[in-house]
Amino acid sequence: MVSVMYKPIRVLHVLQRMEAGGTQALLMNIYRNIDRDKIQFDFLVEYDDKEFYDDEIISLGGKIYYTNFRRSKNVFKFEKTLKNIIHENNYKIIHVHTYSIGYFVLKTAKSCGVPIRIAHSHSNNMTNDYKKYLKKIMQKLYLIYATDFIACSKEAGEYLFKNKDFLILNNSIDTEKFKYNKYNRTKIRKNLKINDNFVVGHVGRFRPEKNHIFLLEVFNEIKKTKENVKLLLVGNGDPNNLILAKINELKLENDVIILTNRKDVNEIYQAMDLFIFPSIYEGLGIVAIEAQTSGLPVLTSTGLPKSVEITNNIKRVPLDYGIVKWAELAIALYDCNDRIDMTDYIKKAGFDIKVEAQKMEDYYLRKNKGAVKEND
């Protein structure tokens with residue numbers, strides 16, 4: 001019998017860069033769990049710097065196309081580069097995760113005859129800065145040339161797509177990696193020299209929307225009640241001057257531990273006692289899911305969608321409750337928590353990566369088949 005070898009469908013994902021962020025973690029979780037004999041991922045990024053996931057992408061059979069668009073702002077050069085990449089690889093599916101260049105990508109993809117052009121919403125709001133109105137315009141343009149719409153939550157989809165039909169792809173995780181593990185807790189606490197400390201934790205990029213200044217003020221209030229307490233900040237990149245200045249202002253230099261670009265975040269959760277996540281906005285807030293999986297009590301803002309409320313260990317409250325109330329609620333949440341394995345709750349809520357990866361694989365195969373039939 002002669003065996004027939006089929007080439008996998010190649011999907012081009014477009015985003016700013018493959019750093020250690022929530023969107024990137026989702027894509028890599030899916031990439032690791034799909035059948036790569038059927039579907040392969042390639043990545044086009046806005047920067048020309050090597051990033052956190054690049055080596056793994058290459059090892060899994062993917063390609064990375066670096067551009068310098070974010071720095072050069074040369075739209076014509078970017079579109080020419082993208083056209084060449086599309087024609088060389090004959091992409092049938094382009095999946096865009098950033099609205100900042102989404103309009104240019106999807107417009108170029110349409111001109112090149114790419115039949116499936118996906119716009120993905122990963123956020124339910126934006127920071128209220130001087131660029132807000134420009135961002136609003138880019139978000140509207142983002143949708144013009146899209147054929148399909150995906151969101152990480154109901155709120156994120158309704159925010160960007162309004163009354164359009166969209167698929168919800170849960171920002172899922174490998175639950176086995178994040179479940180509570182006493183051995184890892186002891187190991188990490190020993191390595192970080194926090195054996196006897198009460199540890200408040202946070203995981204998130206050092207970006208304004210993550211609200212680190214508010215977090216530091218809440219932690220400072222917790223210190224008035226809890227003895228021997230540390231704040232563990234885990235994030236991609238380096239903390240900005242405002243964060244460092246606030247640490248100095250509150251005299252927390254000896255109480256805050258900052259870890260950047262870690263590949264063992266799943267183990268670091270185990271070392272924490274309490275997780276606080278006061279984001280101004282989030283499309284979902286995958287770290288709140290990860291923290292719950294590890295059995296942590298979690299206090300978050302209402303900037304996260306209600307769908308993160310999976311276990312009894314999480315409470316969402318408005319930021320305008322204020323620093324003192326946040327500190328009181330955080331401690332109360334900890335005091336009534338038992339640290340146990342929560343993976344079954346996470347799986348039942350639909351946040352297990354194996355299920356969502358299969359959903360995405362089926363989606364790509366179905367879309368590609370439909371596109372082929374239309375061209376016959």
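Pop out the ³J(HN,Hα) list for region 224-240 in order, Karplus 6.51 cos²θ - 1.76 cosθ + 1.60 with θ = phi - 60°, rounded to Hz; leave Gly and Pro as x.
6, 10, 9, 8, 6, 10, 10, 10, 10, 9, 10, x, 7, x, 10, x, 7
With the dipole of region 89-207 worked out from charges on the C-beta (+1 for Lys and Arg, -1 for Asp and Glu) around the Cα centre, which of I194, G113, Q139 lies farthest toward the positive end?
I194
Give me the accessible area per residue for region 305-376, probe 1.4 Å, as a whole number in Å².
With the other protein chains kept in place, region 305-376 gives 58 Å² per residue.
Given the options K140, K110, K73, which has the most mean-square fluctuation in a GNM of the chain, springs set between C-alpha atoms less than 10 angstrom apart?
Looking only at K140, K110, K73, the largest GNM fluctuation is found for K73.
Which entries of K315/K354; K136/K359; K80/K136; K187/K263 show an alpha-carbon separation above 23 angstrom in the structure shown?
K315/K354; K136/K359; K80/K136, as the Cα separations exceed 23 Å there.
Roughly what % of Cα-Cα distances in region 268-355 sit above 23 Å, to the whole percent?
17 percent
Which of the lysines could a cross-linker span from K223 if the Cα-Cα distance has to be under 20 Å and same-chain partners fewer than 8 positions apart are dropped?
Straight-distance partners of K223: K193, K246, K251, K325.
Where a ≥ b ≥ c are the square roots of the eigenvalues of the C-alpha gyration tensor, would you call region 66-125 rounded, which needs a/c under 1.5, or, failing that, prolate if a/b is larger than b/c, or oblate?
oblate
Quick one, can you get me the convex hull of the C-alpha atoms of region 1-152 expressed as volume per residue in Å³?
128 Å³
With n ≥ 4 as the cut-off for DSSP H runs, can you work out [θ] at 222 nm for the chain, using -39500 (n - 2.57) per run divided by the number of residues, rounded to the nearest 500?
Computed mean residue ellipticity for the chain: -12500 deg cm²/dmol.
Is the chain rounded, prolate or oblate when judged by the Cα gyration tensor, a ≥ b ≥ c being the square roots of its eigenvalues, rounded requiring a/c under 1.5 and prolate requiring a/b larger than b/c? Don't jump to the answer; show the numbers that get you there.
Details: a/c = 1.99, a/b = 1.66, b/c = 1.20.
Because a/c hits 1.5 or more and a/b exceeds b/c, the chain counts as prolate.
Name the aspartates and glutamates eligible as straight-distance cross-link partners of K107: C-alpha to C-alpha under 12 Å, and not fewer than 8 places from it in the same chain.
Excluding near neighbours in sequence, the set is E79.
Compute the long axis of helix 99-111 from its Cα atoms, compare it with the longest principal axis of the Cα atoms of the chain, and write down the angle in degrees, 0 to 90, nearest 10.
Helix 99-111 sits at roughly 10 degrees to that axis.
In region 296-362, carbon and sulfur make up what percent of the accessible area (probe 1.4 Å)? If you can, show how the numbers build up before the last one.
On the way: 1580 of 3200 Å².
Heavy-atom surface of region 296-362 belonging to carbon and sulfur, 1.4 Å probe: 49 percent.
Give the lysines whose C-alpha is closer than 19 Å to that of K7, dropping any in the same chain fewer than 8 places away, or say none.
Within the straight-line limit of under 19 Å, K7 reaches these lysines: K38, K63, K92, K367, K369, K373.
Between A156, A271, A349, find the one with the highest GNM mean-square fluctuation for the chain; connect C-alpha pairs within less than 10 Å.
Of A156, A271, A349, the Gaussian network model singles out A349 as fluctuating most.
Could you give me D for region 192-237, from Stokes-Einstein at 4 °C and 1.567 mPa s, where the hydrodynamic radius is the Kirkwood radius over C-alpha pairs? Units µm² s⁻¹, please.
Value of D from the Cα-based Kirkwood radius: 113 µm²/s.
I need the peptides 289-295, 102-108, 309-315, 211-217 ranked by packing, meaning the mean over residues of other C-beta atoms within 10 angstrom, with the highest value on top. Walk me through the intermediate numbers first.
Values: 289-295: 26.6, 102-108: 22.9, 309-315: 18.7, 211-217: 20.9.
Output ranking for 289-295, 102-108, 309-315, 211-217: 289-295, 102-108, 211-217, 309-315.
Under the definition of Cα pairs under 8 Å and six or more residues apart, what whole-number percent is the relative contact order of the chain?
17 percent
Let me know the charge dipole size of the chain about its Cα centre in debye, to the nearest 20, where only the beta-carbon of Lys, Arg (+1) and Asp, Glu (-1) is charged.
Working: 58 positive and 47 negative charges, 183 e Å.
The dipole magnitude comes to about 880 debye.
Report, to the nearest 10°, how far helix 132-142 tilts away from the longest principal axis of the Cα atoms in the chain, using its own Cα long axis and a range of 0 to 90°.
Tilt relative to the chain: about 40 degrees.
The values are calculated or read from the model by the stated rules, or taken from the named source; none is laboratory data. Remember, predicted model here, so these are calculated numbers, not experimental data. Ideal geometry is used to build each Cβ from the backbone, glycine not excepted, and the neighbour counts take in all protein chains shown. Please note that ligands, DNA and RNA were not included when accessible areas were found on the heavy atoms of the full protein model with its side chains. Shrake-Rupley method; radii C 1.70, N 1.55, O 1.52, S 1.80 Å.
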